[in-house]
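First comes the structure, then the notes that go with it.
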Amino acid sequence: LFVIDVDHERIAINEANKLGIPVIGVVDTNSDPDGVDYVIPGNDDSIRAIQIYVKSIADACARAKEGRPDEFVEVTEEAAAQESDSAAE
């Protein structure tokens, strides 16, 4: 979970913590970093700063996605039958 304003999104952070979802958050000097796993110290009020944070995270996600194989796998009936036969043994 990526959060810009950790004070405003406190409920989402608490839910992510309960579910074991890592939280990345921009933490301003007037914010409490509790519950944030990866703190990005910075201004959460400036529109220009927020644009930089969001663009950086989006670019990192796009680069990471490029390095991963496509998750869609087409399974033929023959392959499914072979897999179920080997699982039955």
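Kindly provide the set of residues from the range 25-53 that are surrounded by fewer than 15 Cβ atoms within 10 Å (Cβ to Cβ) and outside any loop (DSSP other than H, G, I, E, B), ordered by number. Tyr38, Val39, Pro41, Ile47, Arg48, Gln51, Ile52, listed by residue number.
The residues of the range 11-33 that are more than 20 Å from Arg48 (Cβ to Cβ) and modelled with pLDDT under 95, listed by number, are Asp32, Pro33. Can you tell me which residue in the range 13-24 is nearest to the chain's Cα centre (by Cα), limited to those that are buried (at least 16 other Cβ atoms within 10 Å of the Cβ) and in a helix (DSSP H, G or I)? The residue in question is Ala16.
The values are calculated or read from the model by the stated rules, or taken from the named source; none is laboratory data. What you see is a predicted model; the values in this text were computed from it and never measured. Cβ coordinates were reconstructed from backbone atoms using ideal geometry, including for glycine residues, and neighbour counts include every protein chain displayed.
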